[in-house]
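Visitor: Pasting in a structure now, in structure tokens, and then I'll have a few things to ask.
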Amino acid sequence: MKEFFSGIKAVRYEGPECTEALAFKHYDADKTVAGKTMKEHLRFSVAYWHTFKGDGADPFGGPAYLRPWEAAADPMQRAEDTMRAAMEFVSKLGAPFYCFHDRDIAPEADTLMETNRRLDRIVKLAGQLQQDTGVKLLWGTSNCFSHPRFTHGAATNPDAHVFAYAAGQVKKAMECTLELGGSNYVFWGGREGYSSLLNTDLAHEQEQLARFLHMAVEYRREIGFSGQLLIEPKPKEPTKHQYDYDAATVLSFLERHGLVDEFKLNIEANHATLAGHTFEHDLTVAAAAGKLGSIDANRGDYLLGWDTDQFPTDLYSTIHAVLVILRQGGLGQGGINFDAKVRRGSCDLEDLFHAHIGGMDTFARGLKIAHRILQDGVLDGFVRDRYGSYRQGLGQQIMTGRVGLADMEAYVLEHGEPEPRSGREEMLENLLNQYLT
Ligand code: XLS
Ligand code: NI
Ligand code: NI
């Protein structure tokens with residue numbers, strides 16, 4: 001069988017002192033940390049669209065490189081070659097999972113029927129290769145935003161015919177995900193938002209979106225797909241406003257439409273920052289509601305205002321992220337998907353490995369550090385003490401709902417002004433830094 005990454009051997013753990021670039025310095029798949037192996041904690045996944053379909057295009061220039069698996073003249077041959085390259089890459093990297101959109105793995109044809117036939121052919125190949133290599137599918141999803149028919153949205157399109165197209169597409173993508181044993185199915189509402197309120201019935205569009213998600217829930221039951229359904233919030237881009245703005249917005253939308261028990265969230269770092277939040281903010285909001293299902297790991301650029309999808313190498317933010325994951329007892333059937341792409345200038349195949357190795361090492365290091373922080377218990381102990389007044393006397397009465405406004409007034413009249421208490425922010429920042437040694 002043709003090898004696409006012939007010069008590159010399986011990436012191994014060599015330890016922090018190793019000077020070989022194509023080796024893990026921290027990610028040691030079978031090493032146990034906090035009762036589970038790193039592989040089980042982190043559940044890394046490679047994003048098909050960026051790593052195998054990415055061609056270096058940016059808003060100011062078209063494709064910058066042609067991958068060897070994209071060289072064949074026949075589009076279905078290209079699709080097969082790409083799937084083979086993907087499985088070779090993911091197994092050499094040693095990531096257990098990959099993720100795809102329906103249109104990443106098989107090109108769209110002129111009719112839905114032919115498009116589905118093409119999908120079937122590639123799904124069959126993917127199934128075989130998954131078996132041969134042991135690579136697994138973390139999640140599948142449907143691309144309901146690239147084709148011009150989705151210009152005004154998919155589920156939130158003002159035209160019911162387009163709604164139907166998107167729904168039909170999701171039906172098939174969910175079937176493919178089931179067939180390939182996917183652990184999750186993701187909804188990212190690329191164009192589920194608006195460009196102008198002058199032509200938009202916002203209330204109606206949100207009702208449509210809820211109907212769409214209810215249909216998906218019904219259909220997953222019908223076909224027996226037991227994977228987790230996930231919604232991936234993003235505030236904008238390509239729309240001016242996307243309805244699934246951030247974790248808090250999505251949670252209240254799900255609550256309002258009777259969907260909250262059916263979905264969890266897939267939180268992406270760069271989407272959180274686009275919404276004006278930190279990555280850890282959106283993770284914490286999702287986790288606080290018991291709804292953190294999975295992660296799209298990447299990072300933005302402070303000087304650029306769009307979803308630059310860079311590989312995560314910021315150790316600080318990663319420690320915060322892993323703290324949230326560990327405190328909630330792991331990601332369950334979710335994982336850490338690198339929704340990230342190499343820069344336009346990183347044109348070599350080798351760069352794909354460097355990028356993923358960096359992301360995996362950053363999370364592995366974040367895992368080791370976050371585990372130590374939790375084991376020491378100083379940080380969590382501080383936070384627990386900070387709320388100590390609610391575990392006794394007045395605070396306990398407040399939390400158990402046994403007192404009202406008049407009792408509060410009486411308390412203050414008797415006890416006077418509360419003592420100021422420091423939040424010790426700088427001390428805690430210093431504490432965090434101590435773990436980085
Ligand atoms: C785009 C999204 C997309 C989803 C999957 O910004 O991150 O890649 O993860 O549709
Ligand atoms: Ni994403
Ligand atoms: Ni994104």
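The values are calculated or read from the model by the stated rules, or taken from the named source; none is laboratory data. Note that the structure is predicted; figures quoted are calculated from it, not measured. Don't worry about glycine lacking a Cβ; one is built from the backbone with ideal geometry, like all the others, and counts go over all protein chains shown.
Visitor: Which of the helices (runs of 4 or more DSSP H) contained wholly in segment 329-437 include at least 2 residues that are within 26 Å of Ile319 (Cβ to Cβ) and either within 16 Å of ligand 2 (Cβ to nearest atom) or touching a helix residue (DSSP H, G or I) at 6+ places or on another chain (Cβ under 8 Å) (or both)?
Guide: Here the list reads 349-376, 378-386, 425-434.
Visitor: Now a separate question. If I ask for residues that are part of a helix (DSSP H, G or I) and either within 15 Å of ligand 1 (Cβ to nearest atom) or of a type in the set (Ser, Thr, Tyr) (or both), which ones from segment 275-285 would you list?
Guide: Residues satisfying the conditions are Phe279, Asp282, Thr284.
Visitor: Ok, one more. Are any of the residues in segment 225-236 modelled with pLDDT of 95 or more and either in a helix (DSSP H, G or I) or more than 16 Å from ligand 1 (Cβ to nearest atom) (or both)?
Guide: yes
Visitor: Which one of the conditions (1) in a helix (DSSP H, G or I); (2) loosely packed, with under 14 Cβ neighbours inside 10 Å does Gly181 fail to meet, given that it meets all the rest?
Guide: Only one criterion in (1) in a helix (DSSP H, G or I); (2) loosely packed, with under 14 Cβ neighbours inside 10 Å is unmet by Gly181, namely (1).
Visitor: Read through the list (1) farther than 25 Å from Cys144 by Cα; (2) modelled with pLDDT of 95 or more, then give the number of the only condition that Gly62 fails.
Guide: (1)
Visitor: Further question on the same structure: Within segment 14-39, can you find the residues that are outside any loop (DSSP other than H, G, I, E, B), closer than 18 Å to Phe97 by Cα and either in contact (Cβ under 8 Å) with a residue 24 or more places away in the chain or in contact with a helix residue (DSSP H, G or I) (Cβ under 9 Å, 6 or more places away or on another chain) (or both)? I'd like the intermediate steps shown before the answer.
Guide: Our first condition is that a residue be outside any loop (DSSP other than H, G, I, E, B); within segment 14-39, this holds for 24, 32-33, 36-39.
Applying the additional criterion that residues be closer than 18 Å to Phe97 by Cα yields 24, 36-39.
Listed by number, the residues that qualify are Phe24, Lys36, Met38, Lys39.
Visitor: Let me ask something additional. Please go through segment 298-315 and pick out each residue that is modelled with pLDDT of 95 or more, under 28 Å from Ile373 (Cα atoms) and either part of a helix (DSSP H, G or I) or not β-branched (Val, Ile, Thr) (or both).
Guide: Listed by number, the residues that qualify are Asn298, Arg299, Gly300, Gln310, Phe311, Pro312, Asp314, Leu315.
Visitor: Give Ala248, Ala210, Ala272 a once-over and let me know the one that is over 17 Å from the mean Cα position of the chain (by Cα) and part of a helix (DSSP H, G or I).
Guide: Of the residues listed, the single one that is over 17 Å from the mean Cα position of the chain (by Cα) and part of a helix (DSSP H, G or I) is Ala210.
Visitor: In this structure, is Tyr65 away from ligand 1 (no atom under 16 Å from the Cβ), part of a loop (DSSP other than H, G, I, E, B) and within 23 Å of the chain's Cα centre (by Cα)?
Guide: no
Visitor: Residue under question is Ala29, and the condition is that it be within 16 Å of ligand 2 (Cβ to nearest atom), at negative phi and modelled with pLDDT of 95 or more; does it hold?
Guide: no
Visitor: A further question follows. For Tyr243, are the conditions met, namely being within 16 Å of ligand 3 (Cβ to nearest atom), among the aromatic types (Phe, Trp, Tyr) and within 29 Å of Thr308 (Cα to Cα)?
Guide: yes
Visitor: From the list Tyr302, Tyr316, pick out the single residue that is farther than 18 Å from Tyr435 by Cβ and surrounded by fewer than 18 Cβ atoms within 10 Å (Cβ to Cβ).
Guide: Exactly one residue qualifies, and that residue is Tyr302.
Visitor: Further, regarding this structure: Across segment 96-141, which residue is surrounded by the most Cβ atoms within 10 Å (Cβ to Cβ) among those that are in contact with a Lys or Arg (Cβ under 9 Å, 6 or more places away or on another chain) and in a loop (DSSP other than H, G, I, E, B)?
Guide: Top of the filtered list is Ala106.
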